[in-house]
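To start, the structure under review is shown below, and the notes come after it.
The values are calculated or read from the model by the stated rules, or taken from the named source; none is laboratory data. Note that the structure is a prediction, hence the values are computed from the model and not measured. With ideal geometry, Cβ positions are generated from the backbone for all residues, glycine too; neighbour counts draw on all protein chains shown.
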Protein chains: 2
Amino acid sequence: MKVFTDLQAPRELIDWLRASIAPHELLLPTQGATSVLADLPTDPLMQEADIVLGQPRVDAVLSSRNLKWLQISTAGYTRYDSAEFRAEMRTRGIVVSNSSHVYDAPCAEHVLAFMLANARQLPRGLATRCANGTPEWLALRRDSRLLQGQSLLIAGYGTIAERLIELLEPFRMSITAIRRQARGNEKVPIIPPDQANAALATADHVVNILPDNPASLRWFDAGRLGHMKPGAIFYNIGRGSTVDQDALAEALKSGHLAAAWLDVTDPEPLADDHVLWTCDNCHITPHTAGGQFDETRILIGRFLDNLQRHLSGQPIVDRIM
Amino acid sequence: MKVFTDLQAPRELIDWLRASIAPHELLLPTQGATSVLADLPTDPLMQEADIVLGQPRVDAVLSSRNLKWLQISTAGYTRYDSAEFRAEMRTRGIVVSNSSHVYDAPCAEHVLAFMLANARQLPRGLATRCANGTPEWLALRRDSRLLQGQSLLIAGYGTIAERLIELLEPFRMSITAIRRQARGNEKVPIIPPDQANAALATADHVVNILPDNPASLRWFDAGRLGHMKPGAIFYNIGRGSTVDQDALAEALKSGHLAAAWLDVTDPEPLADDHVLWTCDNCHITPHTAGGQFDETRILIGRFLDNLQRHLSGQPIVDRIM
C-alpha cells in the first residue's frame with residue numbers, strides 16, 4: 001500500500017514514519033508543506049495513495065483514485081464538513097478520521113490556564129510591584145477569585161470538553177454544555193442550542209469550543225453575548241469565525257463582560273488596528289492551544305496506532321465519516 | 001467574654017462580627033490596623049481580651065492577662081513559632097490556631113495557575129502576534145507543554161499541598177513531597193529533608209511552600225537549586241526568606257532552570273534594582289496567592305465556626321499550639 005503525507009515534520013520523524021509503516025511505501029509531497037493550517041496544492045503523488053495523513057485539498061481527495069482512509073492532522077475539519085463530501089466518502093467507502101485525541105489534552109490545559117490566570121489575576125499581578133497592605137495590593141487580592149464553586153457553560157461538546165470537565169472535577173464547579181444532538185453519554189447536563197440564552201444568563205464562565213461550520217458562524221453575536229451574566233468571562237479555543245468580534249469588543253469595553261481570553265480570532269492574527277487589541281481585558285494567544293512539545297511525534301504515533309487498526313480491520317479511533 | 005480583633009475589615013464586616021458574637025463583647029484597636037502582615041503596636045484593650053483574632057505582637061500575647069485562645073489571621077505564623085512561645089502557651093493553657101483553611105484553596109489555585117501559565121507559555125503567547133505556520137508560531141507551539149504526566153516535588157506538606165494534590169489528580173502527575181516529620185496520612189510519598197537532593201534531581205516542577213523558620217532560612221540555596229533537574233521550573237508560594245534569591249537568579253540566567261514563578265520574595269516588593277527583575281524567565285506576583293474576593297468575610301466566618309467549637313468545648317480547627 002501507499003501512504004501519502006503532507007505533514008510538516010523534521011526529517012527524523014519522517015524517517016521514523018517511513019520505517020514504521022514498512023513494507024508499505026511512504027509518499028511525500030513533491031514540494032514541501034508549509035503549515036498544517038495552510039491550503040496546499042494538489043500533489044500528483046497523492047492521487048496514487050491508499051492512505052493519506054495530513055491536510056489535503058478537498059478536490060484532491062475527491063479526485064484520488066485509490067484512497068481508502070484519510071486521517072486529517074487537525075481536530076477541526078471545516079473544509080471537509082459538507083453533505084456532498086460526506087456523501088461521496090460514503091459512496092466510495094472512504095473512512096475519514098481526525099486527530100482530536102492529539103489536541104484534546106493541550107487545548108483543555110490551555111483553557112484551564114486561561115481560567116486560572118483570570119481567576120488569580122495573573123496579567124495584572126505580574127505587572128504590579130506593590131507592598132503588602134497598600135490600597136493597590138488590597139484591590140488585587142480582593143479581585144482575585146477561586147474557580148472552586150463557580151459555574152461554567154461549555155459551547156460545543158467533544159473530546160476537548162470532556163478533558164476539560166475531567167480537569168475541573170476537583171474544583172466542584174457547576175458545569176453544563178450546549179450540544180446540537182445530545183447522545184446521552186455526556187459527563188454533564190446538555191442544553192440544546194435553542195435554550196442557550198437562559199444558560200448564558202447564569203454562567204460565571206463561558207468556554208466556546210464550537211467548530212467552524214455554517215450553523216456556528218457568528219453564533220456568539222451581540223444578542224447571545226448580551227444574554228451573558230454581567231461580569232462573566234468569555235473564552236474561545238474553538239474557531240474565531242464563531243464570534244462577532246465587534247460585539248465582543250463592545251461587551252468588553254462596556255464592562256458587561258469582565259474579560260475575554262481568546263486563542264482563536266478571525267483572521268489570525270487580527271489586524272494591528274483591530275479594536276480587540278485596545279481592550280485591556282482581552283487576552284489573546286496566537287492559536288497555540290493545541291501545541292505541545294513533540295506534537296508531531298504524538299500525531300504520527302496516533303496515526304500508526306490507527307494504521308494497525310486499519311490493517312487488522314478494527315474500528316478507526318477518532319473516525320468522523 | 002471579650003473578643004479583641006485587629007483585623008483590617010470594612011465597617012459592615014466588623015458590625016457582622018460584633019452581632020455574631022453577642023452577647024460577648026467585641027474590642028477594637030484604639031488605633032486602626034493597617035495590614036494583616038504589618039507589625040502592630042500593643043493595644044491596651046487587647047490585654048483584657050479572652051479571645052484574640054488577628055496578628056497581635058508576641059509581647060502583647062505574653063503580657064495578656066485573660067487570654068484563652070488566639071486565632072491568627074494568616075496561614076504563616078513565624079513570629080509565634082518559637083520554643084519559648086509554645087512553652088508559655090502550654091503552661092498558661094492558651095490555645096493557638098491559624099487561618100490555613102482560609103488560604104489553602106486560593107494558594108493552591110494560584111500555584112496551579114502558575115504551573116499552567118508556564119506549561120502553556122502564556123506570558124510569551126499573550127505578547128506574540130504571529131501568523132499560523134511562521135517560525136515564531138512553530139517555536140511557541142513546540143515550547144508549549146502538558147502538565148499531564150510530568151513530575152512534581154512539593155517542599156512543605158500542609159493544607160495548601162493537600163489541596164494542590166487534589167487539584168492535580170486529573171493530570172496524572174508523579175508527585176512527591178518533602179516533610180520534616182511524616183505522619184503517615186499524607187496523600188503522596190514523603191521524603192525527609194536529608195534525601196531532598198535526589199528528589200530535586202528528577203522533578204520537572206518544584207513547588208516551595210516552606211514556612212519561614214530558622215530551619216527553612218535560605219533552604220533553597222545554590223547547592224539545592226544546583227541539584228534541580230536542568231530545565232525544571234521553580235515556584236514559591238511559601239515565604240521569600242526560604243530562597244537564596246541571588247542563587248536563583250544565577251540558575252535562571254544560566255538557563256539551568258527554565259523559569260521561576262514567585263508569589264513571595266524577600267523583601268516584598270524586591271528593590272527596583274534587584275537582579276530577579278532582569279530575568280525574563282522570572283515571573284512575580286506581589287504576595288496575592290492567598291487573596292480572594294470576600295477573603296475577610298471567609299476569615300471571620302472560619303473564626304465564628306471555631307468560636308462555636310471553643311464555647312462548646314469541641315476541638316479548635318487549624319490548631320497549631
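Observations, loosely collected:
- Selection count where residues are in contact with a strand residue (DSSP E or B) (Cβ under 9 Å, 6 or more places away or on another chain) and either surrounded by fewer than 21 Cβ atoms within 10 Å (Cβ to Cβ) or closer than 27 Å to A:Glu25 by Cα (or both), scope segment A:80-119: 10
- Scanning segment B:142-157 for residues that are part of a loop (DSSP other than H, G, I, E, B) and either touching a residue at least 60 places away in the same chain (Cβ under 8 Å) or closer than 24 Å to B:His227 by Cα (or both) yields B:Arg145, B:Leu146, B:Leu147, B:Gln148, B:Gly149, B:Gln150, B:Gly156, B:Tyr157.
- Of everything in segment B:142-156 that is surrounded by 17 or more Cβ atoms within 10 Å (Cβ to Cβ) and more than 9 Å from chain A (Cβ to nearest Cβ), the residue that is farthest from B:Ala259 (Cα to Cα) is B:Gly156.
- Checking B:Ala139 against (1) over 23 Å from the mean Cα position of the chain (by Cα); (2) in a helix (DSSP H, G or I); (3) within 9 Å of chain A (Cβ to nearest Cβ); (4) closer than 16 Å to A:Pro106 by Cα, the condition it does not meet: (3)
- Among residues of segment A:15-31 that are surrounded by 15 or more Cβ atoms within 10 Å (Cβ to Cβ), those with a beta-carbon under 8 Å from a residue that is of a type in the set (Gly, Ala, Ser) and in a loop (DSSP other than H, G, I, E, B) at least six positions away or on a different chain give the pairs A:Leu17/A:Ala9; A:Leu27/A:Ala49.
- For B:Cys282, the criteria (1) more than 30 Å from B:His101 (Cβ to Cβ); (2) away from chain A (no Cβ under 12 Å) hold in every case but one, which is (2).
- Segment A:199-222: number of residues that are in contact (Cβ under 8 Å) with a residue 12 or more places away in the chain, surrounded by fewer than 18 Cβ atoms within 10 Å (Cβ to Cβ) and at negative phi: 8
- Test result for A:Gly313, out of contact with any strand residue (DSSP E or B) (no Cβ under 6 Å at 6 or more places or on another chain) and either part of a helix (DSSP H, G or I) or at positive phi (or both): yes
- Taken over segment A:9-54, the criterion of being modelled with pLDDT under 80, β-branched (Val, Ile, Thr) and farther than 26 Å from A:Arg92 by Cβ is satisfied by A:Thr34 alone.
- Every residue from segment B:267-310 that is among the hydrophobic types (A, V, I, L, M, F, W, C), touching a strand residue (DSSP E or B) at 6+ places or on another chain (Cβ under 9 Å) and either within 23 Å of B:Thr5 (Cα to Cα) or part of a strand (DSSP E or B) (or both): B:Cys282, B:Ile284, B:Leu299, B:Ile300, B:Phe303, B:Leu307
- Residue in segment A:158-169 that is nearest to the chain's Cα centre (by Cα), counting only those that are more than 9 Å from chain B (Cβ to nearest Cβ), part of a helix (DSSP H, G or I) and surrounded by fewer than 22 Cβ atoms within 10 Å (Cβ to Cβ): A:Thr159
- Boolean, B:Arg179 is touching a strand residue (DSSP E or B) at 6+ places or on another chain (Cβ under 7 Å) and closer than 21 Å to B:Cys107 by Cα: yes
- For segment B:9-26, a residue qualifies if it is more than 24 Å from A:Arg142 (Cβ to Cβ) and out of contact with any strand residue (DSSP E or B) (no Cβ under 8 Å at 6 or more places or on another chain), and the qualifying residues are B:Ala22, B:Pro23.
- Answer from A:Ala289, A:Ala271 - the residue that is of a type in the set (A, V, I, L, M), within 14 Å of chain B (Cβ to nearest Cβ) and within 19 Å of A:Pro123 (Cα to Cα): A:Ala289
- Which listed residue is touching a strand residue (DSSP E or B) at 6+ places or on another chain (Cβ under 6 Å), within 12 Å of another protein chain (Cβ to nearest Cβ) and either surrounded by 19 or more Cβ atoms within 10 Å (Cβ to Cβ) or under 19 Å from A:Gly158 (Cβ atoms) (or both), from A:Val264, A:Val243: A:Val264
- Residue in segment A:284-294 that is at pLDDT below 95 and surrounded by fewer than 16 Cβ atoms within 10 Å (Cβ to Cβ) present: yes
- Residue count for segment B:124-136 under the criterion of being within 7 Å of another protein chain (Cβ to nearest Cβ) and either surrounded by fewer than 24 Cβ atoms within 10 Å (Cβ to Cβ) or touching a strand residue (DSSP E or B) at 6+ places or on another chain (Cβ under 8 Å) (or both): the result is 7.
- Within segment A:170-186, the set of residues being within 19 Å of the chain's Cα centre (by Cα), in a loop (DSSP other than H, G, I, E, B) and modelled with pLDDT of 95 or more comprises A:Arg179, A:Glu186.
- Evaluated against (1) of a type in the set (S, T, N, Q); (2) in the same structural domain as A:Lys68 (by TED's automatic domain parsing); (3) in contact (Cβ under 8 Å) with a residue 12 or more places away in the chain, A:Thr91 falls short on exactly one condition, (3).
- Condition check for B:Asn185: surrounded by fewer than 19 Cβ atoms within 10 Å (Cβ to Cβ), touching a residue at least 24 places away in the same chain (Cβ under 8 Å) and polar (S, T, N, Q): no
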